[in-house]
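Below is one structure, written out as structure tokens; the observations come after it.
Just so it is clear, none of the values below were taken in a lab; they were calculated from the coordinates. All values derive from a computational prediction rather than experimental measurement. We place every Cβ from the backbone using ideal geometry, glycine too, and count neighbours over all the protein chains shown.
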Amino acid sequence: MKRYNPADIEPKWQSIWEDQARYIATDNDSKPKMYVSGMFPYPSGSGLHSGHAFSYTIVDAIARFYRPHGYNVLNPMGWDTFGLPAENYAIKTGMAPSVVTKQNIANFKNQFKRMGVSVDWSREINTSDPEYYRWTQWIFTQFFNKGLAYQKESMQWWCPVDKTVLANEQVEGGKCWRCGSEVEKKSMKQWFFKITDYADSLLKEIPNLDWPDKIKTAQTNWIGKSEGAEIDFVTAERDDRIRVFTTRPDTLFGATFLVVAPEHPLVRSLVNDDTREAVDSYITASLKRSDIERMAESKEKTGVFSGSYAINPATGSKIPIWIADYVLGGYGTGAIMAVPAHDERDFAFAEKFKLPIIKVVEAPSRDEQIYHGEGTLLSSGEFDGMATSEAREQIVNWLEAQGVGAIKTTYKMRDWLISRQRYWGAPIPIIHCPEHGAVAVPEAELPVKLPNVEDYAPKGDGKSVLASVEDWVHVDCPTCGGPALRETDTMDGYACSSWYLLRYADPKNETAAWDPAIANYWSPVDYYVGGDHAVAHLLYVRFWAHVFKDMGLINHREPVKKLVYHGYVNAEDGRKMSKSLGNVIDPLDIIDQGYGADTLRTYVLFMGPIELDSAWSSQGVGGVHRFLNRVWTLTQEYLAAEVAPNDDIAASLEQIRHRTIKKVTNDYRELSFNTATAALMEYVNELYKAKTTGFTMAWRLQLETLVQLLSPLAPHVSAELWEQLGNDQPLDTAMWPHWDDSQIKTDTITLAVQVNGKLRATLELPADVTKEAAIEAALASENVARHVAETGPKKTIYVPGRLINIVS
RNA sequence: GCGCGGGUGGUGGAAUCGGUAGACACGAGGGACUUAAAAUCCCUUGGCCAUAACGGCCGUGCGGGUUCAAGUCCCGCCCCGCGUACCA
């Protein structure tokens, strides 16, 4: 009898699948389409990790489940290749990032194949391939032409010694991570995508998404819509207007001071000779504080009096204007009216700097020191006694009549900064002309290819290495033909990954990013699988789709129908896997150790519900392998046995077969792979019990059903056993088995009998038993009779097919 | 702080509508096979008490409540994980 040896059968089936191009998807097929994809990987030098194994096994199981249901399945794969690791490796070794990337892709691809994924490799894409980023650049120019890509001065961390911009994470304790010198904030011209134009559009669709609530809430909070009002305060000294944003215009009478952010443009004009020095040093100090420091200090407020006063338009009183960094320059108007009686932050500030606190809202019940809820107005002139919700409207109307206030909606979300001063990214396709400013590179001249360079290390001038490639930088202006300069920044990698799901639909198109007819056939993605990027990628990919819809490039607004957001795979010790802890499980090792890909795949799906984090268990892997081995052995025993030449089989077994098809099918549909696997294990246990009475011809159907149901999890062993059972038609082209509900019905039912809610007996009764007969049988049961009080049953609850509860 | 998850045996986890808590698997214990081990197969396995039992009590983070019946619903807490961070 042949032993189960994955090392034999897995390569065999992998090459059959590849040679027969079994998983090539057909555009515009008449079959219903099913588009499943994982978030494409960054091909690192270290190969697939357990998270990859988990993610793409989920994808593949979905794909392999839907194909036999008659779907035209698209299961593509590609590579998210731009980014820092490849560039750093290039700086260290001098090897071109494109070369390193090519090697890593080859390794990843080989490892994916060894996992038995049913991917359509003819659609493979790579974001650093000029044929791909050509269209990323084309999309950029479309955004630019629509005003959705623009340049703006913005504050960046700047190291004066290295003369380079630093990311937030590269500033440690206010010092440069490289040279240790004190960093400063510097205003620099950067490229942005105007995602804020789509804030409402993105927000509005969130409730309709079939996505986990966790992600939907995260995106809602990230967009951070808040409705309120803008109110103008006039300064007492110079008649300047300071505009503030507030969500609580109803508390206007309690505004006892204003606070402006250190970056506020009017700060200069607010100071006088007495305050100038203090204000200057405060601003310098606060600009230097890193975000991390500001976070750590959290509630401890700092600030300085500007020297000026403003008039509260409601009370007419003179209130001081302070400068403090608890007010953020980038949000609202960068200035607020402080109402310390009804806002915790304002209260903390007022306490520290001894500023007046005026209560203007009466809390409905208990009295709190700082009440920010709804209530009734007091000390608010003509608005006294009015409900806060009502007053919010009335006070804005009243201000609006005087031309000093209006309703206003703001968002926390900022525009998306996409320029990077790095080599290994898609060059921003812009040419700067002294005459015409920024001009988009014409479509015919795309792609703007990355030039080859000798040294990938930044030159220290705050620009990307590209700026030093003289003959690349100097070009003619597309508009006037005069001398002009290329933009030398590259795009954030997230730009490349914001549209790749559409490129999979039409990956070889040389005249367009995609053909709308093909993209509209495949898109949106039916199942998008990943466990990372709650907002960034998952918001950007939505943003671009919304823009594409408005541009008429696709006919739908949302790119992802169902988001499958899975948990992390932790190490055996429950901690995160990391090289330094030495607890990393390499999924390829599991295959190499002889367990095989089928065990790996089945195990990662059996660990638990996919949305939960899990800890790896070597013993669990062994358990799953034992299960697959049992399936193998059972089939071998059947094939080797003298099969009785009749179709007799225990009726219960056929019933279990139908029940298992139903359970497993429904579980797969719900992506409940762990319970589907459990049901298959139960089925196998039943078959083992039944085989002691000998095999008949009817067993073939049992075993065929078993391997079919198993095939999404363990495709190799399933295909092998299917073939050994004598099927000429390949398993992955056979239709999924059907179940018949009438076959699942049993002649008898098990009824639980409770007395006063406690289980006292279980009865086997005919399925069509009447209520009366069931109760009679229950009362006749010895143990039940003993527990029913002498007074007899007072009341009887009967749940057909489930239980009887006798209340006595 | 706020938001979102979660808390069930020694462990991972099951449990459509409120209806037999602990499916399935791991681990553990016992047995069969074997010269022996591995592998494989079979049995037992929430705790406690009874063991003559087809028996009893307790049990889903804690405290209340609704109900014939609560892991599941309601109220009040505790703990853990993740996300977020002064957004006026």
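Among A:ASP346, A:ASP8, a tally of other beta-carbon atoms within 10 Å of each Cβ gives an order, fewest to most, of A:ASP8, A:ASP346. Every Cα-Cα pair in segment A:186-304 was counted, and those over 20 Å apart are 66% of them. Residue exposure proxy: A:THR660, A:THR746, A:THR81, A:THR388, ordered by other Cβ atoms within 10 angstrom of their Cβ from fewest to most, comes out as A:THR746, A:THR388, A:THR660, A:THR81. With 10 Å bins beginning at zero, the pair-distance distribution over Cα atoms of segment A:109-150 amounts to 24, 29, 25, 16, 6 %. Mean separation of Cα pairs under 8 Å and 6 or more residues apart, divided by the residue count, gives chain A a relative contact order of 14 percent.
Taking 22 Å as the straight-line reach from the Cα of A:LYS408, the lysines in range (excluding those fewer than 8 positions away in the same chain) are A:LYS194, A:LYS204, A:LYS225. Where a ≥ b ≥ c are the square roots of the eigenvalues of the C-alpha gyration tensor, would you call segment A:1-63 rounded, which needs a/c under 1.5, or, failing that, prolate if a/b is larger than b/c, or oblate? It is oblate, given that a/c is not under 1.5 and a/b is not larger than b/c.
Nearest 10 degrees, 0 to 90: what angle lies between the long axis of helix A:84-93 and the longest principal axis of chain A (Cα atoms)? Here the helix axis deviates by roughly 80 degrees. Stretching the chain fully between A:THR746 and A:MET551 yields a gain of 64.3 nm (0.36 nm per residue, less the alpha carbon separation). Over segment A:519-654, the reciprocal of the mean inverse Cα-Cα separation, the Kirkwood hydrodynamic radius, stands at 19.3 Å.
Of A:LYS288/A:LYS412; A:LYS113/A:LYS579; A:LYS12/A:LYS562, which ones are farther than 30 Å apart at the Cα? Result: A:LYS12/A:LYS562 exceed 30 Å. Rounded to the nearest 0.05, what FRET efficiency is calculated for A:LYS576 and A:ALA734 with R0 set to 41 Å and r the Cβ-Cβ distance? The computed FRET efficiency comes out at 0.50.
By the Kirkwood approach, averaging reciprocal distances over each pair of separate Cα atoms, chain A gets a hydrodynamic radius of 32.0 Å. At a Förster distance of 30 Å, what's the computed FRET efficiency of A:ALA278 paired with A:THR196, Cβ-Cβ distance as r, to 0.05? E between A:ALA278 and A:THR196, to the nearest 0.05, is 0.30. Relative to the dominant Cα principal axis of chain A, helix A:699-710 is inclined by about 10°. Placing +1 on each Lys and Arg Cβ and -1 on each Asp and Glu Cβ, with no other charges, gives segment A:404-542 a dipole about its Cα centre of roughly 660 debye. With the helix formula -39500 (n - 2.57) applied to DSSP H stretches of n ≥ 4, chain A reaches a computed 222 nm mean residue ellipticity of -11000 deg cm²/dmol. In terms of other Cβ atoms within 10 Å, A:ARG67, A:ARG3, A:ARG700 run from fewest to most in the order A:ARG3, A:ARG700, A:ARG67.
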